[in-house]
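Just below is one structure, and these are the notes that go with it.
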Amino acid sequence: MDLLRSHLHKVRIPEPGSRIHKDECCVSFDTPRSEGGLYVDMTSFLGFGREHVAWNYEKSGNPVYLHIVQRRKPEPDDEADRPLKKPTLLAIGVEGGFTDQEPEYDEAFEIVILPEFTSLPFPSIDLPEKVRIAVDKVILAESADRKQQLASWVADKKKVSAHAMDLKQLDNGVIVPPTGWKCSKCDKTENLWLNLTDGMILCGRRLWDGSGGNNHAIEHYEQTKYPLAVKLGTITADLEAADVFSYPEDDSVEDPLLAQHLSHFGIDFSSLQKTEMTTAERELDHNTNYDWNRIQESGKDAELLYGPGYTGLVNLGNSYFEKQSLKAAFAIAPADPTLDLNMQMTKLAHGMLSGKYSVPNQEGQEGIHPRMFKTVIAAKHPEFSSMRQQDALDFFLHLIDQVDQANTGNHELNPFTGFKFIIEERLQCPSGKVSYNKRSDYILSLNIPLHEATNKEQLEAFHEKKAAMDLDGKEVSNEEIVRPRVPLEACLASFSGAEEVPEFYSTALNSKTTAIKTAGFKTFPDYLVLQMRKFVMEAGWVPKKLDVPDIIDISHMRSKGIQPGEELLPEGASGDNKAEPVHPVASEDIVSQLASMGFNYLHCQKAAISTSNTGVEEAMNWLLSHMDDPDINDPISKDSQAAEQTVDETSVQTLVSFGFQEDVARKALAASGGNIERATDWIFSHPEASSSVPTDSSTSNMEDDDAHIPDGSGRYKLMAFVSHMGTSTHCGHYVAHVLKDGRWVIFNDSKVAASVDLPKDMGYLYFFQRI
């Protein structure tokens, strides 16, 4: 006790804003449930595992710690057999939502004084009052990790519709029967919506995979502007659970007068039974029962794996380790290592590769929770700091950028140096003169050339069958869908093949013309990352399948640079003409494909123009994110086209940080609906957007800046791939497969197991290692 009193000046009483790390060690993934418990520094309120607390004492000199140990309570016999209650709300820890399903733990505390690990019991009336107050506040306080998690897990509560209270209902004599409903314009008998103004029963929207309705309900709104509809089959005595949708508000809403609005059409809601899922329940069902068994290898009797390199990551909603030890990273970290990227990257690598946290437990393995890493890496990014799911490619590029900034000039410590490569593009205009541009990148984004599919006969037969079933009002089951199979070699050939570049300004001709572009590798990286553009446009938006070999040789894709006899395009002649404003016209091909899906023709035109006719997928993504724009129905004019080019400054700066020029970044974002990933793709596919730079004038700078970029053989072996399941890369689920110790392993959140049925043909990102 005297020793503790001699250190009272080192004990701090937490204030309301203090960040208290009592859930996890700041340099490892030890928690109060780990074998040695967790030690909370009573000066800095940082947490440390048993192996690491002495490091903190050596570095800070802080001697007083609160030692927290949690041990699992045995479950009652009847608890293990009790079925889990199915959630009805997309929320966590609230009534009707997901339960944490956490077992209960006994918690014990003691005061520990370093360096001898002298312990004193807590609670105890013999402790100094300052210590008792400080420890009580630490125990009762919300931890820093918990505060971070409390970011909006609960889905937004439905708002009362602005159209509900004064909804106009026509006295047209329509009486809706209690059963036997059918769409008024087709034979659909499911996914039916009752318009609450005129009583029309119409089918819902067509979904990405061709299922759902035929868009008759939304088309009816576009023609009549009658705003509210309720989904038949969701109406029961519990009217709050009914699915009411507002078309002008483009959201599920609450209608306080729903009973009155239903009675207008003779509906006695008290006698109706629930026969369909609401929109929220369908979304929840996708979150709790992923319908992507192949990618997750569901139902396979897989051998669970444990040990170094087989550690799972606990889902959060949305080679540092070899270069330095944990202790070295902690020694050079700032006062708060929880906010240091280098420390948290090293901690994450240690957690995944050491095997310390990959041990069997009752649930398989506990895995690790990379919360501190997420907090640091997402600190300056509004999307990644939210609980919303993000595209894995967007995150990969953001991670590279953050690590690069943290290790400016220190390529030895930067693990992503091995991923970097240089692409050289050659442009030739009709004058015969050429220009060469170089750019560095970390990923190669590939289109899927459907015309190269190897199963064309099966595809044609499937389309004929689907067309016949559509006429009969029947739907094709998932098992019957035939997806195009495209060789990876065809995707690579599509990248390096000749491509026309319209509207290219030739400084030799002093006019715009069509140039021919080819591209190749100036350098081959140690690790090659291929991104397969997720969806290809077919009837029903059918995802592709790829034939991916274990070994690829892309040596033939090396760029040869300027050749003898070639003449470079002159620089800057009459370059002012490039600034001449051009008002694009919507591609009729893109517009017709979107319109065939049931979208408004004017909206389709705006989507095509706003994405510079880049493609149907880009236009579709723009359309889905701008459906509720107040001017979406305004006629297209030159002024409105100019207005739509306004871009978010944060996105501009993000692209600039990737190394693109600011004016090019603005053009790309304007053409891509503000989406950073699509803007990056746009830049790579529109080299004319940036000024042509002759090889001889740029080589020296490129060599000075990128002398560290690796190069070598163009032969690679497949070492990992990431698969995505869902209608968009911003929703759904990601699963990774990694080749380790000669066998393929599936990493599905905290589940790590030997792969049984490798879904190599369904990847989104492929990782190859140089042979």
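The values are calculated or read from the model by the stated rules, or taken from the named source; none is laboratory data. Bear in mind the structure is a predicted one, so any value in this text is a computation, not a measurement. No Cβ is skipped: glycine too gets one built from the backbone with ideal geometry, and neighbour counts run over all protein chains shown. These area figures cover heavy atoms from the full protein model, side chains too; ligands, DNA and RNA do not enter into them. Shrake-Rupley method; radii C 1.70, N 1.55, O 1.52, S 1.80 Å.
Quick look at the numbers
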read-out	value
Breaking point among (1) assigned to a helix (DSSP H, G or I); (2) modelled with pLDDT under 75, for Thr614	(1)
Some residue of the range 688-710 being in a strand (DSSP E or B) and either modelled with pLDDT of 75 or more or in the same structural domain as Phe396 (by the TED database) (or both)	no
Subset tally (residues that are within 21 Å of Ile20 (Cα to Cα), open to solvent by 40 Å² or more (accessible area, probe 1.4 Å) and part of a helix (DSSP H, G or I)) for the range 332-346	1
The range 244-296, subset buried (at least 18 other Cβ atoms within 10 Å of the Cβ), more than 30 Å from Leu546 (Cβ to Cβ) and modelled with pLDDT under 60, residue farthest from the chain's Cα centre (by Cα)	Glu281
The range 347-386 - residue that is among the charged types (D, E, K, R), over 18 Å from Asp145 (Cα atoms) and at pLDDT below 70 and, of those, surrounded by the most Cβ atoms within 10 Å (Cβ to Cβ)	Glu383
Residue list for the range 124-135, filter: of a type outside the set (A, V, I, L, M, F, W, C) and closer than 17 Å to Pro14 by Cβ	Pro128, Glu129, Lys130, Arg132
Number of the condition not met by Arg33 [criteria: (1) more than 14 Å from Lys137 (Cβ to Cβ); (2) open to solvent by less than 40 Å² (accessible area, probe 1.4 Å)]	(2)
Any hit, the range 176-199, residues being under 25 Å from Ile481 (Cβ atoms), of a type in the set (S, T, N, Q) and open to solvent by 40 Å² or more (accessible area, probe 1.4 Å)	yes
Qualifying residue in the range 438-455 (condition: acidic (Asp, Glu) and crowded, with 18+ Cβ neighbours inside 10 Å)	yes
Residue satisfying condition, being part of a loop (DSSP other than H, G, I, E, B) and either surrounded by fewer than 21 Cβ atoms within 10 Å (Cβ to Cβ) or modelled with pLDDT under 80 (or both), within set Asp589, Asp628	Asp628
